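Participant: Right, I'll just put the structure down here and ask away after.
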C-alpha cells in the first residue's frame, strides 16, 4: 500500500490517509478481506502520530471501507458497487464545482461550458 503525505496539502493528514486508502480500495489495489497495516505500523511508516492514523482508520470504518476485528486488526470491507459509484460521483461533483468556480471567474456562460464538455466528451 502506497500512501503519500504532503505537508503542503490543505487537507489534514488524517484525510490524506483516508483518501489514499480509499483510492487503493476503489482501484482494486487493496482487495476485500485484505489486512491493513496496524495503526502503529502505518504511523511509523508515514512518520506520523498513532492518534492521526487511528482517526483515519475510524473514518474509513465509519464510511464502510474497512472493518476492525478485535485482536486481529483492520481489514478491507466487502463493499458493494454502489458505495464505489457514490464515491466517484462525489469526486466528479467536487471537480465540477472547481470548474464552475473557474468559469464564473472568466464569466463563461453555461452554454460555453456545455460546448467545452461536449467537445471533450466526443474527443475532438
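Participant: Would you pick out the residues in segment 9-25 that are touching a helix residue (DSSP H, G or I) at 6+ places or on another chain (Cβ under 7 Å) and buried (at least 17 other Cβ atoms within 10 Å of the Cβ)?
Facilitator: 13, 14, 17, 18, 21, 22
Participant: Sticking with this one: For residue 20, state whether it is within 16 Å of the chain's Cα centre (by Cα), part of a loop (DSSP other than H, G, I, E, B) and either assigned by TED's automatic domain parsing to the domain that holds residue 90 or under 21 Å from residue 91 (Cα atoms) (or both). Write out each step before concluding.
Facilitator: Working: within 16 Å of the chain's Cα centre (by Cα): yes; part of a loop (DSSP other than H, G, I, E, B): no; either assigned by TED's automatic domain parsing to the domain that holds residue 90 or under 21 Å from residue 91 (Cα atoms) (or both): yes.
Criteria not met by residue 20.
Participant: While we're on this one: Assess whether residue 29 counts as being in contact (Cβ under 8 Å) with a residue 24 or more places away in the chain and surrounded by fewer than 16 Cβ atoms within 10 Å (Cβ to Cβ).
Facilitator: When the stated conditions are applied, residue 29 passes them.
Participant: Quick check: is even one residue across segment 88-99 under 30 Å from residue 120 (Cβ atoms), surrounded by 12 or more Cβ atoms within 10 Å (Cβ to Cβ), in the same structural domain as residue 114 (by TED's automatic domain parsing) and at pLDDT 90 or above?
Facilitator: First, pick out the residues of segment 88-99 that are under 30 Å from residue 120 (Cβ atoms): 88-99.
Going one step further and asking which of them are surrounded by 12 or more Cβ atoms within 10 Å (Cβ to Cβ), we end up with 91, 96, 99.
Add one more test, that the residue is in the same structural domain as residue 114 (by TED's automatic domain parsing), and what stays is 91, 96, 99.
When the remaining residues are screened for being at pLDDT 90 or above, the result is 96, 99.
There is at least one residue in segment 88-99 that is under 30 Å from residue 120 (Cβ atoms), surrounded by 12 or more Cβ atoms within 10 Å (Cβ to Cβ), in the same structural domain as residue 114 (by TED's automatic domain parsing) and at pLDDT 90 or above.
Participant: A further question on this structure: Which residue pairs have Cβ atoms under 6 Å apart, sit 6 or more places apart or on different chains, and have a first residue in segment 102-124 that is touching a residue at least 12 places away in the same chain (Cβ under 8 Å) and a second that is part of a helix (DSSP H, G or I)?
Facilitator: Here the result reads 113/103, each pair linking segment 102-124 to a residue that is part of a helix (DSSP H, G or I).
Participant: Then there is this: Of the residues that sit in segment 35-53 and are surrounded by 12 or more Cβ atoms within 10 Å (Cβ to Cβ) and outside any helix (DSSP H, G or I), which one is nearest to the chain's Cα centre (by Cα)? Let's see the steps before the verdict.
Facilitator: At the first step, the residues of segment 35-53 found to be surrounded by 12 or more Cβ atoms within 10 Å (Cβ to Cβ) are 35-39, 41-46, 48-50, 52-53.
Checking which are outside any helix (DSSP H, G or I) leaves us with 35-38, 48-49.
Numbers: 35: 18, 36: 16, 37: 18, 38: 20, 48: 19, 49: 20 Å.
Looking at the filtered set, the residue picked out is 36.
Participant: Turning to a different aspect of this structure: Which numbered condition trips up residue 108, out of (1) exposed (fewer than 15 other Cβ atoms within 10 Å of the Cβ); (2) part of a loop (DSSP other than H, G, I, E, B); (3) outside the structural domain of residue 33 (by TED's automatic domain parsing)?
Facilitator: Evaluating residue 108 over (1) exposed (fewer than 15 other Cβ atoms within 10 Å of the Cβ); (2) part of a loop (DSSP other than H, G, I, E, B); (3) outside the structural domain of residue 33 (by TED's automatic domain parsing) leaves (1) as the failure.
Participant: Further question on the same structure: Kindly provide the set of residues from segment 54-73 that are within 19 Å of residue 13 (Cα to Cα), in contact with a strand residue (DSSP E or B) (Cβ under 8 Å, 6 or more places away or on another chain) and outside any helix (DSSP H, G or I), ordered by number.
Facilitator: So in segment 54-73, the residues within 19 Å of residue 13 (Cα to Cα) come out as 54-63, 65-66.
Imposing the further condition that a residue be in contact with a strand residue (DSSP E or B) (Cβ under 8 Å, 6 or more places away or on another chain) reduces the set to 57, 60-61, 65-66.
Passing the criteria: 65, 66.
Participant: Okay, moving on. Scan segment 2-47 for residues that are out of contact with any strand residue (DSSP E or B) (no Cβ under 7 Å at 6 or more places or on another chain) and on the phi > 0 side of the Ramachandran plot and jot them down.
Facilitator: If the condition is that a residue be out of contact with any strand residue (DSSP E or B) (no Cβ under 7 Å at 6 or more places or on another chain) and on the phi > 0 side of the Ramachandran plot, then 28, 47 are the ones that fit.
The values are calculated or read from the model by the stated rules, or taken from the named source; none is laboratory data. This structure is a prediction, so every number in the text was calculated from the model and none was measured. We place every Cβ from the backbone using ideal geometry, glycine too, and count neighbours over all the protein chains shown.
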